[in-house]
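J.: Here it is, the structure in full.
Computed from the coordinates by the stated procedures, all read-outs in this text should not be read as laboratory data. It should be emphasised that the depicted structure is a prediction, and the values quoted were computed from it without experimental measurement. Glycine gets a Cβ as well: all are built from the backbone with ideal geometry, and neighbour counts include every protein chain shown.
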C-alpha cells in the first residue's frame, strides 16, 4: 500500500466530504473522508485535468 499524504477534507453542502492526497511517486488520490482505504488513483496530471474540466462545466450534465 502506498504512503499517501492526505489534505484536509473538502466538504460541500450536506457534509459530503472528500480528501485529496498524493504520494512520492507522482500519483494523486481521491477518497471520501473517513474511507481513505477505498480511493481512486491516477497521476497528478490526470487529477489536475479532471479538476480543470469539472471547473469548466464539462461534468455539469451529471448534476
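J.: Any idea which of 53, 24 is part of a loop (DSSP other than H, G, I, E, B), out of contact with any helix residue (DSSP H, G or I) (no Cβ under 8 Å at 6 or more places or on another chain) and exposed (fewer than 12 other Cβ atoms within 10 Å of the Cβ)? It would help to see each step written out before you state the result.
T.: Values: 53 fails: part of a loop (DSSP other than H, G, I, E, B).
None of the others qualify; the one that does is 24.
J.: Another one. Would a scan of the range 9-16 turn up a residue that is assigned to a loop (DSSP other than H, G, I, E, B) and farther than 24 Å from residue 63 by Cβ? Even if it seems obvious, please write down each step before you answer.
T.: Of the residues in the range 9-16, the ones assigned to a loop (DSSP other than H, G, I, E, B) are 9, 12, 16.
With farther than 24 Å from residue 63 by Cβ added as a condition, the list becomes none.
There is no residue in the range 9-16 that is assigned to a loop (DSSP other than H, G, I, E, B) and farther than 24 Å from residue 63 by Cβ.
J.: Another question, then. If you go through the range 17-47 one residue at a time, how many are out of contact with any strand residue (DSSP E or B) (no Cβ under 6 Å at 6 or more places or on another chain) and free of Cβ contacts under 8 Å to residues at least 12 places away in the same chain?
T.: Total meeting the criteria: 4.
J.: Next up: Could you grab me the full set of residues in the range 30-41 that are assigned to a strand (DSSP E or B) and either out of contact with any helix residue (DSSP H, G or I) (no Cβ under 8 Å at 6 or more places or on another chain) or surrounded by fewer than 13 Cβ atoms within 10 Å (Cβ to Cβ) (or both)?
T.: Taking the range 30-41 and keeping what is assigned to a strand (DSSP E or B), we get 30-32, 39-41.
If the condition is that a residue be assigned to a strand (DSSP E or B) and either out of contact with any helix residue (DSSP H, G or I) (no Cβ under 8 Å at 6 or more places or on another chain) or surrounded by fewer than 13 Cβ atoms within 10 Å (Cβ to Cβ) (or both), then 31, 32, 39, 40, 41 are the ones that fit.
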